[in-house]
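The values are calculated or read from the model by the stated rules, or taken from the named source; none is laboratory data. No experiment lies behind these values; they were computed from the predicted model shown. Positions of Cβ are generated from backbone atoms using ideal geometry, with glycine treated the same way; all protein chains shown enter the neighbour counts.
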Amino acid sequence: MGFLFQKRLQAKVDMPHFKLDLDTFPDPKVIEQLRHLMRELSYYNEPIDVKFEGLPFKLDYQISEEFKATNLVEFAKNAFTATESFRYKKATLPLNEIIDFGREKSIRRIEQDEVDQCLNKLFFRIESQKADFLAAHIIGKVGKDHMKIIADQIQKRAPHATMEIDNTNKDMMGKLVIELLFFGDFPYEFDEQTFD
């Protein structure tokens, strides 16, 4: 009776908030995934505080503290578990302030062409037809009617995705911040766009 001995691949990563001890047979897929992991880890020169179990550390590092304080986190955890990958995008939208001197009040509003430009940036390089779930978070002080316009426009661009939306009513220096988190069957790749 003969035994077949095969070399094993061993790797150990020891970072402040991430540890990996790998011992496996050298499969090309494993090696490629390990290369991607090392490349992504090389971007973090400081400790990463992972606060939410169930979310990958890269995602937890990117989403805003305001996002983390919403009900979207539970939706994101479930969507991450149910799908193969995610894409995160963030952009800002200027708010135009109109002052009504007669009524002594100001109104903040958004312009449709600026909404279109912002959403074009958010959906750039995203295969929205592959998105199964979409978490949308809007930070800023604007009326509910404007929030609905933005939510409707997002849903039109990803009509097959189950979408959850939440907003944080916080002054963002005259802007709206829109965070979109897409979950679906996206091809795995090192994606620098997530660092925009």
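Here are a few things to note about the model shown:
- Flag if Glu66 is part of a helix (DSSP H, G or I) and at pLDDT 90 or above: yes
- Residues that are in a loop (DSSP other than H, G, I, E, B) and either among the basic types (Lys, Arg) or surrounded by 18 or more Cβ atoms within 10 Å (Cβ to Cβ) (or both) within the range 127-150 comprise Gly140, Lys141, Val142, listed in sequence order.
- Of residues in the range 88-102 being touching a helix residue (DSSP H, G or I) at 6+ places or on another chain (Cβ under 6 Å) and among the hydrophobic types (A, V, I, L, M, F, W, C), the one modelled with the highest pLDDT: Ala91
- Test: residue in the range 157-164 that is within 19 Å of Asn96 (Cα to Cα) and surrounded by fewer than 18 Cβ atoms within 10 Å (Cβ to Cβ): no
- Residue within the range 103-125 that is of a type in the set (Phe, Trp, Tyr), at pLDDT 85 or above and out of contact with any Asp or Glu (no Cβ under 8 Å at 6 or more places or on another chain) present: yes
- Arg87 vs. criteria free of Cβ contacts under 8 Å to residues at least 60 places away in the same chain and charged (D, E, K, R): no
- Test: residue in the range 13-32 that is at pLDDT 80 or above and either over 15 Å from the mean Cα position of the chain (by Cα) or part of a helix (DSSP H, G or I) (or both): no
- First in the range 95-123 and in the same structural domain as Met147 (by TED's automatic domain parsing) and closer than 17 Å to Ile149 by Cα, second anywhere and part of a helix (DSSP H, G or I) and not hydrophobic (A, V, I, L, M, F, W, C), Cβ under 7 Å, 6 or more apart: Arg109/His146; Ile110/His146; Val115/Gln153; Leu119/Gln153; Leu119/Arg157; Phe123/Arg157
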